[in-house]
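The values are calculated or read from the model by the stated rules, or taken from the named source; none is laboratory data. Just so you know, these numbers come straight off a predicted model, no measurement behind them. Using ideal geometry, Cβ is built from the backbone for each residue, glycine included, and neighbour counts are taken over all protein chains shown.
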Amino acid sequence: MRSGVLLLGATTIALVACGAANAADLEPEEKLPPAVWNWSGGYIGGHVGGGYGRTSFSNSYGPSIYGGVVDTPVFLAGGQIGYNWQKNSWVFGLELDASGAASDGTNTCLAASGFVVSANCKAGPNVFATATGRVGYAFGALGHTLAYLKGGVAWQNNRGDVLNNNEFFGRWPQHKTHFDYGRVGGIIGLGVEQALTPAWSVNVEYDYLHFGGQRIDTPPTVQFPPFAILPANTMRPSSSYHVGKIGLNYHFGADPWTAQWGDAPLYAKAPAGAPPVAYPPGWSFEGGSRLWLSRGRFQWDHSAVRDPNPQDPSILLSRLTYHGLDGLSGELFGRLDSPWGVFLKSNVGTGRFNKGNINNEDWGQASGPVSGGDNFVQPGLSYINNVSGQANGRFTYYTADLGYDFLRGGTYKVGGFLGWTYYAQSSDTIGLHADCQPHVSMLGVR
């Protein structure tokens with residue numbers, strides 16, 4: 001009887017298995033939908049970016065008649081690490097990042113009067129670090145896209161110089177102050193992040209950073225006429241930056257080499273029996289045109305350094321500053337992609353400046369030689385600033401880039417490139433007579 005029970009049990013299992021197989025044959029096969037992406041977990045990555053900054057210098061000698069703000073275009077590159085928590089479609093996170101920066105700018109500062117020697121201020125950050133909290137919302141059919149806001153604390157290291165211009169006609173050592181300090185400030189930003197695969201995501205982000213100033217001693221300076229030495233004083237520079245970044249993140253716990261979401265491959269499917277390819281084969285071309293609105297600024301400096309007494313070339317005898325150059329340009333662009341991931345892209349543009357001004361600054365100009373040789377001069381005003389306009393402004397530019405897409409899928413491409421950029425501009429100055437004497441109002445005398 002024990003054997004019969006065992007045989008019956010075996011027969012029953014076989015029948016059930018057979019029935020299940022027959023049912024499977026009768027019903028159509030159902031494919032599981034791709035898994036919804038979940039942003040929870042840690043990640044690490046890198047970023048590059050660029051933007052525009054300004055460092056403002058307070059004037060210890062009175063309100064400035066010109067300058068006082070140094071424009072500092074900035075390029076940065078660095079890395080970030082963070083962690084996300086997702087609840088339904090809402091994503092909360094913490095992130096730390098650090099960037100090395102290449103930035104430098106210069107402008108006139110401490111210009112309180114035409115009778116006081118003003119200075120040439122230089123500034124530029126070289127390091128940024130931030131600690132932020134993020135809140136975002138995941139959307140799209142599978143939650144692969146995340147829009148987020150961020151905010152927190154930031155730190156920068158800012159450095160530069162405050163150097164009096166042509167204080168003693170470039171013949172004796174000048175007064176100078178160097179600063180190099182770290183400062184804590186704040187950051188707010190927003191961005192969009194797109195999951196490319198379970199392991200990789202790319203994001204585009206805009207950040208605004210602001211930092212208060214640290215107390216800096218300014219050098220003593222010269223007043224003429226009447227001649228006097230103005231004692232050293234203090235200032236507190238403050239700075240702010242608008243920065244755009246693009247980053248690539250690796251999410252911990254996922255295979256960095258897979259390109260599939262569950263049963264939904266991101267690679268384009270190849271014919272049966274053929275090896276899979278990451279991007280459809282063949283050549284492709286993309287082209288178009290666009291209009292640009294722009295604003296530019298350009299400085300040309302003439303050093304006061306004279307041999308045989310070489311000094312800091314930042315000491316200025318004169319400077320031309322072209323600013324407010326509002327331009328309109330037309331551009332053609334194109335991109336050629338090869339089957340191997342190598343691409344070539346280029347753009348060509350030309351345009352005109354609609355308006356703009358030119359400030360012609362001079363420091364410590366002599367009114368003429370006196371008896372005894374050219375080693376003795378009759379001093380003139382300490383600081384002169386003539387304002388003129390510009391007309392017939394024209395500019396031309398082009399770029400040519402060669403690159404490679406190192407991440408490719410059926411719906412995305414991520415690559416890098418090296419390239420060449422050319423830019424040229426010209427304009428006519430208006431507001432000066434033929435003898436080059438100012439025809440417009442003069443700044444600098446108070």
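Listed values, structure above:
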{"item": "Only one of D161, D180 that is in contact (Cβ under 8 Å) with a residue 40 or more places away in the chain, over 29 Å from L94 (Cα atoms) and of a type in the set (D, E)", "result": "D161"}
{"item": "The stretch 119-150: number of residues that are of a type in the set (A, V, I, L, M, F, W, C) and farther than 15 Å from N38 by Cα", "result": "8"}
{"item": "Exclusive hit being in contact (Cβ under 8 Å) with a residue 24 or more places away in the chain, under 14 Å from E95 (Cα atoms), in contact with a Phe, Trp or Tyr (Cβ under 9 Å, 6 or more places away or on another chain) and not acidic (D, E), set L209, L146, L190, L196", "result": "L190"}
{"item": "Subset of the stretch 70-107 [over 30 Å from D161 (Cβ atoms) and charged (D, E, K, R)]", "result": "K87, E95"}
{"item": "Residue within the stretch 230-237 that is under 24 Å from P73 (Cβ atoms) and in contact with a Gly (Cβ under 6 Å, 6 or more places away or on another chain) present", "result": "yes"}
{"item": "Elements of type strands (runs of 3 or more DSSP E) contained in the stretch 335-438, each with 1 or more residues being at pLDDT 85 or above", "result": "342-363, 383-408, 413-430"}
{"item": "Top-ranked residue of the stretch 215-259 - restricted to ones that are closer than 30 Å to L146 by Cα and aromatic (F, W, Y), ranked as nearest to the chain's Cα centre (by Cα)", "result": "Y241"}
{"item": "Elements of type strands (runs of 3 or more DSSP E) contained in the stretch 43-142, each with 3 or more residues being over 30 Å from D301 (Cβ atoms) and not β-branched (V, I, T)", "result": "69-87, 90-103, 119-139"}
{"item": "Close pairs from the stretch 381-409: first within 15 Å of L320 (Cβ to Cβ), partner of a type in the set (G, A, S) and part of a strand (DSSP E or B), Cβ under 7 Å, at least 6 apart", "result": "Q390/G356; Q390/S427; G393/G356; G393/S427"}
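Here's the yes/no breakdown for (1) over 30 Å from G62 (Cα atoms); (2) polar (S, T, N, Q); (3) assigned to a loop (DSSP other than H, G, I, E, B):
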| position | (1), (2), (3) |
| --- | --- |
| V222 | no, no, no |
| I229 | no, no, no |
| T234 | no, yes, no |
| H242 | no, no, no |
| K245 | yes, no, no |
| L248 | yes, no, no |
| D255 | yes, no, yes |
| T258 | yes, yes, yes |
